[in-house]
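This report refers to the structure that appears directly beneath it.
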Amino acid sequence: MVKEIFDFGLLKEFLNNFPVVINAMSGVTGPYVRRIFQEDLCSGNPKSTFLNTEPLPDFGGHHPDPNLTYAADLVKILKENPELYQFGAAYDGDGDRNMLLGAGGFFVTPSDALAVLAANLTTIPYFVKTGVKGLARSMPTSGAVDRVGKKLGLNVYEVPTGWKYFGNLMDAGKLSLCGEESFGTGSDHIREKDGVWASLAFLSVLANKKIGVKELLENHWKEFGRNYFLRLDYENVDGEKANKMIADLENKLKSTNPETLTQEIVNAAKESGAAAAPEKYKIAFTDNFEYTDPVDASVAKGQGLRLVFENGFGRLVWRLSGTGSSGATVRVYLEKCDDVSVLGVTLDSLKDLVEISLKLTSLHEVLGVTGPTVIT
Ligand SMILES: O=P(O)(O)OC[C@H]1O[C@H](O)[C@H](O)[C@@H](O)[C@@H]1O
């Protein structure tokens, strides 16, 4: 199937001079990594490295989660060998999620990876054959892909977190590519997110353009503008406290007079030392995301609190994870859109939004924590 989707000849030629590190994290992708990458696509490049390709029932004692915290060893290898490795990928235990990195550990946010793929889908044989029907992202995923949809005249659906919403759109023939900030990317070749597919798709774009990861991203931002994006996870916190924090925030966003709320936000931004002009923080709307499925008309309510600023300045989103394994997990998503300064540092660009989130929620005090457990 993968050989029909991608141009293996092109990929193989490119990978001959493009050493990669692929980490299967002792999950189910191990045999696929060996067969597709090690024995086929990268067989002409002995420098390419494949890690943890033996599936283990306990994942080798590690958390098989492909993010900057739990796949830190992959980041380290790329950082320590910036001249050698040009690309890195890691997959989670069941292989549906993926993390992509460039030389030196350059991190590609899943939101940006989705946008880059969307902008270049027609370089992949499968999409040349099927055409591009539409795009979709989960609500907390950054709007980077929306910029691409707008330019290419493609529908971009915004759905709640959870793959089933994409499935409905795919079944109805409305969707070719979709993704989530939680490292899931997929297409209608199957109805699921697919980590190995996502990295092959991304490598196909690189092979087509014959450039590296950082250059691809920078060119993309220069062409489309950039959505700086951060997700802060507060894992394993007290469930009751987390629920109360979200409920109190929802009340506050609903009941506070907009001028008072804006003033509180402007003050917090100033305290961060990175405030933009006060008028930038005018609030367009706040809500708890609600979705009506365009296919079966089902309604999903309470899918995450949003505070959206006017004129596309940016937004904050707060929600409780539906998947944490112990205790509750609060996720905070920060996003700022920039059409001009596209080569900045994410943490610097979002300092004000981090402070605003902390002030509006009193998160540290309420949850009894000193910071997030995972920053993506
Ligand atoms: O943010 P969470 O509620 O923990 O969800 C994280 C992810 O969990 C699963 O993998 C779902 O299939 C995804 O759709 C979701 O994005």
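Values quoted throughout were computed directly from the atomic coordinates according to the rules given, and no laboratory measurement underlies them. Please read these numbers as outputs of a predicted model, since none were measured by experiment. Please note: Cβ atoms are built from the backbone with ideal geometry, for glycine as well, and neighbour counts cover all protein chains shown.
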Classify segment 114-184 as rounded, prolate or oblate from the Cα gyration tensor: take a ≥ b ≥ c as the square roots of its eigenvalues, call it rounded if a/c is under 1.5, otherwise prolate when a/b beats b/c and oblate if not. oblate
Can you give the helix-only mean residue ellipticity at 222 nm for the chain, where every DSSP H stretch with n ≥ 4 adds -39500 (n - 2.57) and the sum goes over all residues, rounded to the nearest 500 deg cm²/dmol? -10000 deg cm²/dmol
DSSP-assigned coil residues among trypsin sites (Lys or Arg not before Pro) in segment 255-312, each with at most 15 further Cβ atoms within 10 Å: Lys282, Lys301
If you average the alpha carbon positions of segment 178-216 and of segment 1-65, how far apart do those two centres end up, in angstrom? 14
Assign one of three labels to segment 225-375, namely rounded, prolate or oblate, based on the Cα gyration tensor with a ≥ b ≥ c the square roots of its eigenvalues; rounded applies when a/c is under 1.5, prolate when it is not and a/b is larger than b/c, and oblate otherwise. rounded
Electrostatic dipole magnitude of segment 114-184 [Cβ: Lys, Arg +1; Asp, Glu -1; Cα centre; debye, to 20]: 240
Output the pairs from Lys3/Lys193; Lys12/Lys76; Lys336/Lys359; Lys79/Lys214; Lys151/Lys174; Lys3/Lys210 with a Cα-Cα distance over 23 Å in this structure; if there are none, say none. Lys12/Lys76
Determine the percent antiparallel among the DSSP beta bridges restricted to the chain, to the nearest 5. 75
Extension reserve of the Lys76-Lys151 stretch, reckoned as 0.36 nm per residue once the Cα distance is removed: 23.3 nm
Report the per residue volume, in Å³, of the convex hull enclosing the C-alpha atoms of segment 263-325. 128
Quick check: net charge around Phe106, other residues with Cβ under 15 Å of its Cβ, Lys/Arg +1 and Asp/Glu -1? -1
How much of the DSSP bridge set in segment 114-184 is antiparallel, in percent, rounded to the nearest 5? 10
Pairwise label distance in nanometres, Gln263 with Gln38, each label 7 Å out on the Cα-Cβ vector: 6.4
Quick one: if you stick a label point 7 Å off each Cα along the C-beta vector at Lys280 and Thr370, how many nm between them? 3.1
